[in-house]
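Chemist: Would you mind keeping the following structure in view while I ask a few things?
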Amino acid sequence: MTTSRRSSHRAEDPRTAARTSPTHSTGRPSDTDREPVGAARRPRRVTPAVLAVTAASVLTLSTTALTTPAVADPGLKKTDRHVVVLVNLANARLANPDADRADARSHFFGQTGSLTSYYAANSGGLLGVVPAKDDGVFGPFDLAMDGSTCDTGKMAELARKALPSDLAYDHLSIVMPSNKACDWWGLGYQPGAVTWFQEGAVKDVAAIAHEMGHNLGFAHQERQVCTPGSFTSCTADGYSRRTPMGAGGEKKGLSAPELIAQKWLPEQQITTPTATATVHLTPLHAAANTAGVRAVDLPLGSGGDRIVVEYRTPDAGTPDLDVAQGVDVYRVPEGKYDHAVMIGNGKHDDKATTGSFTGTAALTDTATGLSLSVTDATATGADVQIRLGAGTTTPNPGPTTSATPTGPGSAPSATTAKPGTGTTPPPTRTAVPTPTPQAPSPSADAGDGAADIGTTGLPTPPAGTTAAGPDSLARTGAKVTVPALAGSALILAGGTTALLLRRRARQRRH
């Protein structure tokens, strides 16, 4: 068994979002990437007469219904068998286990307002979170451990042993008492297969979706303000507020880099210009049958960094229910799309974040000759002018594959870009560059939080580790009782970054 690093950190009030801070990653592939996508159920062969009906039908998995996108390839579906375990500790018991069970059923597996519905909508039906057995909720079990030490490894080990030995599942979520236990709201391996929640967090869909995002490999998404002429000389400016991973809450969809990281954005909806052009962007989370380019993906110099551009608009019929309208620009470090940082040309108020562009000023990186500006924006799309410096050539965007892209809206728009003077329209990409996984950093007492999943359940979680240790855990929220303050402090210790944000402990409801 290999070993891995963990990062731990605290965050703001999760009443409106699971607000977190940047965390280091092992660079390892997530469990989703490690399991062959072909492992998901494949539907039986059907005749052409019933194919159209089947494509738009509701796919019922266990007790949960997921909507199948009309043009998605059923062969790419992945079913995530999820288990929620309620636990009592030697020094603390759940306040209301019956209500916790009902909340877990609803907010993990419900047809709306749940973990299941959030990832079904964002993946275009390619990820189905379903109960591993029955309603997916087990316990409460009495664990023979004192919760005051917050030994999350031991808690997971005992919870796993309390489950039926023949239960097969892919992800384990543990709900613990909120008193005399850990000082965070939620916790999850990044990437990995285990999440932990305070009892109150089982009502918080944003926190649940956020921690699952960590399991998929997503880091916290911060926002930065860049100095004129640079995409890399930037200072912290809070969180992106464009995704649950950036304190956006569950009423905002995943960002374009996150969708690209999971291969949930069809290749035909991503373009990589090789010359100056104006690209017309369709809103990222527009309906699946809406044609057009959803994201621009450009290399930033030759060091492996990339730039991703998206357009977001509020639409009650999509995952972006209440996102602020605007064009967003992300810097992707070393091709790690799940660690993208939103960049902009001006500071934002957290309550009124409208995208990367403040006023009419362009975003420019003189070192690479790349300039981005918004020339028009409506409810149905935005025009983004992409200028490549004189004499600047765009490096190869990465390896290509012969695989046929699939998923909602695979057919490209007839007009995906408006070329600049003397240029040709930017081509549609044929593949997303995949960064080479980095070797994990060893830890003397930490097990492998992202180990392969066996046929009868999870590997034994590492015992004797705590949330504050040097491991691959990312935590959300802080269970403290002092009044909330506007400021925050970044503390760097032992290779992990922790964002300490003070807030009221009991005000955690939506």
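Chemist: May I ask you to list pairs of residues, at least six apart or on different chains, whose Cβ atoms are under 6 Å apart, with the first in the range 130-141 being without any contact (Cβ under 8 Å) to a residue 24 or more places away in the chain and the second being among the aliphatic types (A, V, I, L, M) and part of a strand (DSSP E or B)?
Modeler: Close Cβ pairs satisfying both conditions: none exist.
Chemist: Of all residues being more than 24 Å from residue 230 (Cα to Cα) and among the β-branched types (Val, Ile, Thr) in the range 277-303, which is surrounded by the most Cβ atoms within 10 Å (Cβ to Cβ)? Just the residue, please.
Modeler: 293
Chemist: Tally the residues that are of a type in the set (Val, Ile, Thr), more than 15 Å from residue 208 (Cα to Cα) and modelled with pLDDT of 95 or more, restricting the search to the range 138-192. Spell out how you get there, then give the answer.
Modeler: If we filter the range 138-192 for residues that are of a type in the set (Val, Ile, Thr), which is where we start, we get 149, 152, 174-175.
In the following step, the residues that additionally are more than 15 Å from residue 208 (Cα to Cα) were identified as 149, 152.
With the extra rule that they be modelled with pLDDT of 95 or more, the set shrinks to 152.
Number satisfying all stated conditions: 1.
Chemist: Among residues belonging to the range 195-212 that are among the small types (Gly, Ala, Ser) and in contact with a Gly (Cβ under 8 Å, 6 or more places away or on another chain), point out the one that is surrounded by the fewest Cβ atoms within 10 Å (Cβ to Cβ).
Modeler: Applying the first criterion (among the small types (Gly, Ala, Ser)) to the range 195-212 yields 200-201, 206-207, 209.
Restricting the remaining residues to those that are in contact with a Gly (Cβ under 8 Å, 6 or more places away or on another chain) gives 201, 206-207.
Numbers: 201: 30, 206: 25, 207: 32.
Result: 206.
Chemist: Quick check on residue 84: is it within 26 Å of residue 317 (Cβ to Cβ), modelled with pLDDT of 95 or more and either outside any loop (DSSP other than H, G, I, E, B) or polar (S, T, N, Q) (or both)? Break it down stepwise before answering.
Modeler: On the way: within 26 Å of residue 317 (Cβ to Cβ): no; modelled with pLDDT of 95 or more: yes; either outside any loop (DSSP other than H, G, I, E, B) or polar (S, T, N, Q) (or both): yes.
So residue 84 fails the test.
Chemist: Please specify each residue of the range 355-371 satisfying the condition of being in contact with a strand residue (DSSP E or B) (Cβ under 7 Å, 6 or more places away or on another chain) and not in a strand (DSSP E or B). Before the answer, list the steps.
Modeler: The initial filter retains those residues of the range 355-371 that are in contact with a strand residue (DSSP E or B) (Cβ under 7 Å, 6 or more places away or on another chain), namely 355-358, 362-364, 369-371.
Matches in the range 355-371: 355, 356, 357, 358, 362, 369.
Chemist: Considering each of 162, 156 in turn, give the residue that is more than 30 Å from residue 236 (Cα to Cα), surrounded by 24 or more Cβ atoms within 10 Å (Cβ to Cβ), among the small types (Gly, Ala, Ser) and more than 20 Å from the chain's Cα centre (by Cα). Spell out how you get there, then give the answer.
Modeler: Numbers: 162 fails: surrounded by 24 or more Cβ atoms within 10 Å (Cβ to Cβ).
None of the others qualify; the one that does is 156.
Chemist: Ok, one more. Would you please list the contacts, defined by Cβ atoms under 7 Å and residues six or more apart or on different chains, that run from a residue in the range 277-296 that is within 25 Å of residue 371 (Cα to Cα) and assigned by TED's automatic domain parsing to the domain that holds residue 386 to a residue that is among the aliphatic types (A, V, I, L, M) and modelled with pLDDT under 95?
Modeler: Close Cβ pairs (under 7 Å, with a partner that is among the aliphatic types (A, V, I, L, M) and modelled with pLDDT under 95) amount to 277/417; 278/417; 279/417; 280/417.
Chemist: Follow-up question, since we're still on this one. Residues in the range 357-365: is at least one surrounded by fewer than 17 Cβ atoms within 10 Å (Cβ to Cβ) and touching a Ser or Thr at 6+ places or on another chain (Cβ under 7 Å)?
Modeler: yes
Chemist: Next up: Would you call residue 153 touching a residue at least 40 places away in the same chain (Cβ under 8 Å), farther than 18 Å from residue 82 by Cβ and assigned to a loop (DSSP other than H, G, I, E, B)?
Modeler: On the way: touching a residue at least 40 places away in the same chain (Cβ under 8 Å): yes; farther than 18 Å from residue 82 by Cβ: yes; assigned to a loop (DSSP other than H, G, I, E, B): no.
No.
Chemist: If you scan the range 330-340, which residues turn out to be crowded, with 23+ Cβ neighbours inside 10 Å and assigned to a strand (DSSP E or B)?
Modeler: 330, 332
Chemist: Right, next: Any residue at all in the range 108-116 that is surrounded by 21 or more Cβ atoms within 10 Å (Cβ to Cβ), in the same structural domain as residue 151 (by TED's automatic domain parsing) and part of a strand (DSSP E or B)? Explain how you work it out, then say what you get.
Modeler: Taking the range 108-116 and keeping what is surrounded by 21 or more Cβ atoms within 10 Å (Cβ to Cβ), we get 108-109, 114-116.
Checking the rest, the ones that are also in the same structural domain as residue 151 (by TED's automatic domain parsing) come to 108-109, 114-116.
From what is left, the residues that are part of a strand (DSSP E or B) are none.
No, that holds for no residue.
Chemist: Out of curiosity, is residue 55 under 29 Å from residue 249 (Cβ atoms) and modelled with pLDDT under 50?
Modeler: Numbers: under 29 Å from residue 249 (Cβ atoms): no; modelled with pLDDT under 50: yes.
So residue 55 fails the test.
Chemist: Among the residues of the range 204-226, are any assigned by TED's automatic domain parsing to the domain that holds residue 340, more than 21 Å from residue 97 (Cβ to Cβ), free of Cβ contacts under 8 Å to residues at least 40 places away in the same chain and not aromatic (Phe, Trp, Tyr)?
Modeler: no
Chemist: Ok, one more. For the range 304-327, which residues satisfy the criterion of being hydrophobic (A, V, I, L, M, F, W, C), in contact (Cβ under 8 Å) with a residue 60 or more places away in the chain and either surrounded by fewer than 24 Cβ atoms within 10 Å (Cβ to Cβ) or closer than 15 Å to residue 231 by Cβ (or both)?
Modeler: Here is the first cut: in the range 304-327, the ones hydrophobic (A, V, I, L, M, F, W, C) are 307-309, 316, 321, 323-324, 327.
Still in the running and in contact (Cβ under 8 Å) with a residue 60 or more places away in the chain: 307, 309, 321, 323-324.
Of everything in the range 304-327, those that are hydrophobic (A, V, I, L, M, F, W, C), in contact (Cβ under 8 Å) with a residue 60 or more places away in the chain and either surrounded by fewer than 24 Cβ atoms within 10 Å (Cβ to Cβ) or closer than 15 Å to residue 231 by Cβ (or both) turn out to be 307, 309, 321, 324.
The values are calculated or read from the model by the stated rules, or taken from the named source; none is laboratory data. The model shown is predicted, which means the values in this text are computed figures rather than measured ones. Please note: Cβ atoms are built from the backbone with ideal geometry, for glycine as well, and neighbour counts cover all protein chains shown.
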